[in-house]
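The values are calculated or read from the model by the stated rules, or taken from the named source; none is laboratory data. Since we're looking at a predicted model, the values are computed, not measured. For the accessible areas, the whole protein counts, side chains as well, though only heavy atoms, and no ligand, DNA or RNA atoms are used. Shrake-Rupley method; radii C 1.70, N 1.55, O 1.52, S 1.80 Å.
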Amino acid sequence: MTSLWAAAPTLRLETRNLRLEGSGEYRDLGPAGRDLSGFASASYFVRLPGPLLLEAGGGGAVRGAAGLATASSWDVGGRLHLRAAVAGGWLGLRGGRDRFGGLRSWEAGLWRDMGAVSFQIQGRQTTSGDITGPPIAARDSLSRPDSGSQSRVRLTTELGGWLTWNQGPLQLRGGAGWRLSNLEPVRSGALADGTASLVRSSTSWWIAEGTYWLTERLGLTGAVGRQSPNPSLLVTATNFMRLSVRVGLDRHPSERKIPPHPDAGLTLRRMGERVQLEFEAPLARGVEVMGDLTDWQPVAMKHEGGNRWRIQLAATPGIHYLNVRYDGGAWQTPPSLRVVQDEFGKETGLLLVQ
């Protein structure tokens, strides 16, 4: 169906431990009617010892279209992330329900950051099914009719990847994927011998998207691609082209205005199960640090006289993240540390504790 006009607002709120996202789409199809859909999800993150991160959450979607009954789906589950400075991965399990019945899925993914370029690959397998239809008839007159109902089991396998390039105010992103679905009628607890037939379908999707930040909080986004069908929400495969405006509550990293400050050298000293951090900040009246060593909470450093600021924190050997700010200003990476992206896509300094 071709829409005469459409509106698709999206809202995303992200902190160090919480991520909320919601989106909706309204399409006016002219004489064919209207199409309305919505999606919402929430995730909560718990940091575990070492490089592990636990994510728990869920989401739901609903769609109502002209001439079609309302379709919906929901799921809950969790992921275990393994994160390092420039690479990581995750494993996840989810369960819920869609219009085919109960569903369960497992997923896995890998990502790597190579400076301005990053890529991600992920795969998922979902099984859903319900019990519908009349009892399956016997194959011959001497056999007793099967009193079990016929059920449908849908097995969907998905594989996709993303490539992202960031340079100043410009962000380019491309992705492609493939989906294979099997719909297999079976008896309750056994294959429908002689009556079952396997329905198999294979589809693909792709997208090319670019965003240019006009100001610190305002960006223009253009995208073209092909959407994969979603039987759970009665969505068919379709080509699309869209132009949208992005409004950020936080400043885009490349546009943040950080006041110039003299190079504040960082000295790290191992002290048993703790580390001592010392900054040389000649003009600062106050220095704070924030990172995984502080549970991402701002902690003030102690002024040791002159230009020196010092703090001791509990730390295990390995890779850690650290940001600093002076006199209550903007958070930035310490000049002497390598700039990387943390698991939430935020810029931070890489701190190696040996």
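With just the Cα atoms defining each centre, how far is the range 162-178 from the range 271-337? Give it in Å. Here the two parts' Cα centres lie 33 Å apart.
For THR203, THR294, give the ranking by accessible area with the largest first, probe 1.4 Å. Walk me through the numbers before you get to the answer.
Working: THR203 40, THR294 20 Å².
Heavy-atom accessible area, descending, gives THR203, THR294.
The order of TYR321, TYR212 by accessible area, most exposed first and with a 1.4 Å probe, is TYR212, TYR321. Evaluating 6.51 cos²θ - 1.76 cosθ + 1.60 at θ = phi - 60° for every residue in the range 105-113, the Karplus couplings come out as 8, 10, 8, 8, x, 9, 9, 8, 9 Hz, glycine and proline recorded as x.
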